[in-house]
Amino acid sequence: MHLHRSRLLQLPPCRKATPYRLAHSKKPEIIEVNQSPIECALSDLRPIGIHQVRRTPLGKHYNSLIDRHHYLGYTRPVGEHLEYLAMSEGRVMACIGWCSAPRHIGCRDSHIGWNKKQREKNLLQVAVNTRFLILPWVRVPHLASHILGQIARRISTDWQKMYNHEVIWLETFVDPDRGFKGTCYKAANWLYLGKTTGRGKADQTHKANRSLKYVYGYPLRKDYRRILCNDVL
């Protein structure tokens with residue numbers, strides 16, 4: 001499969017889709033929601049409830065909204081992941097998803113200061129923000145950074161409940177080619193770490209083959225370096 005993906009070998013087409021592939025290719029069920037415009041101050045929406053919806057009935061709402069309104073659409077995450085809805089008075093304001101982090105990001109690894117052994121041992125304590133959607137009909141200043149702040153205060157506990165371990169570090173990628181500047185992450189005190197190399201994890205050419213993205217990180221504990229650089233088994 002690696003040679004096929006690298007275009008060094010052409011495999012015949014798959015004759016039968018496996019249940020795993022079918023599950024990942026199935027489009028989410030469309031769930032209609034109230035789309036009347038919301039334009040107000042953040043204070044008018046409080047309290048904003050943050051609901052972890054993975055393995056709950058609200059998970060279908062998350063999948064549907066992401067697939068219909070996020071530019072990347074919905075793809076079923078691989079590995080550990082959590083999904084949230086931000087709601088006010090019964091209406092969804094935003095969707096935000098997290099999953100296991102990429103094993104190597106140069107600027108992140110330099111910032112943390114861990115070596116390969118430490119990274120392999122402790123990477124499970126890092127979560128990456130893969131989807132963040134403020135719904136198109138919601139126009140509320142400072143809402144995105146407010147949601148990031150709320151999630152930062154609870155995600156480690158939620159991860160512990162779901163996967164029996166905490167997370168110490170959050171990170172995300174911001175695509176400037178799409179006009180994104182990372183404003184909400186800056187407002188929520190995330191750290192700018194640098195840029196990606198523009199190469200995928202299976203790259204063999206060592207040349208950029210996709211857009212370079214800004215990398216932001218957020219430590220959930222002051223002693224994050226001590227924990228993430230621990231290599232004691």
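For the range 87-106, how many residues meet the condition of being assigned to a strand (DSSP E or B), of a type in the set (G, A, S) and out of contact with any strand residue (DSSP E or B) (no Cβ under 6 Å at 6 or more places or on another chain)?
2
In the range 89-140, how many residues are more than 18 Å from E171 (Cβ to Cβ), crowded, with 19+ Cβ neighbours inside 10 Å and of a type in the set (S, T, N, Q)?
Result for the range 89-140: 0.
Show the residue pairs that are 6+ apart or on different chains and have beta-carbon atoms under 6 Å apart, the first residue being within the range 147-166 and under 18 Å from I227 (Cβ atoms), the second being surrounded by fewer than 16 Cβ atoms within 10 Å (Cβ to Cβ).
That search, which allows pairs on different chains as well, returns E166/Q160.
Which condition does M162 not pass, out of (1) crowded, with 22+ Cβ neighbours inside 10 Å; (2) part of a helix (DSSP H, G or I), if it passes all the others?
(1)
Please determine, by comparing only the residues of the range 167-187 that are more than 16 Å from the chain's Cα centre (by Cα) and outside any helix (DSSP H, G or I), which one is farthest from R119 (Cα to Cα).
The extreme case among them is G179.
Laboratory data are not the source of any read-out in this text; all were calculated from the coordinates shown. In this text, all values refer to a predicted model and were calculated from it rather than measured experimentally. No Cβ is skipped: glycine too gets one built from the backbone with ideal geometry, and neighbour counts run over all protein chains shown.
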